[in-house]
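Undergrad: Please find one structure pasted underneath; my questions will follow.
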Amino acid sequence: MLDWSLLILGLPTAKATERMRAWRTLKASGAAVLRDGVYLLPEKSVGREAFQAVERDVLAIIWSAGNTKVADGQRESAHG
């Protein structure tokens, strides 16, 4: 089973250049877009590093961002 990294961003529309930079980084990482500002990647070092880089950039310009690990629900139900 896979664990996942979830990144949630609040990106102001007035910062188009920074928004585009974050979007390009996330696209290059292969992140899935769950909805506006919500991205998902398998919990591997590459995915975690990409999310942490975007999170640092976003927080540096006083936006809101956070990432977390999400456990595979099938594994939880199989053992619980």
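The values are calculated or read from the model by the stated rules, or taken from the named source; none is laboratory data. Quantities reported herein were computed from a predicted structural model and do not represent experimental measurements.
Undergrad: Can you confirm whether region 56-66 contains a residue that is of a type in the set (D, E, K, R) and at pLDDT 80 or above?
TA: Looking through region 56-66, at least one residue is of a type in the set (D, E, K, R) and at pLDDT 80 or above.
Undergrad: Then there's this: Report yes if residue 47 is assigned to a strand (DSSP E or B) and at pLDDT below 85, otherwise no.
TA: Details: assigned to a strand (DSSP E or B): no; at pLDDT below 85: yes.
No: the conditions fail for residue 47.
Undergrad: Of the residues that make up region 22-38, is at least one part of a helix (DSSP H, G or I), among the charged types (D, E, K, R) and at pLDDT below 85?
TA: Checked against the condition, which is being part of a helix (DSSP H, G or I), among the charged types (D, E, K, R) and at pLDDT below 85, region 22-38 yields no hits at all.
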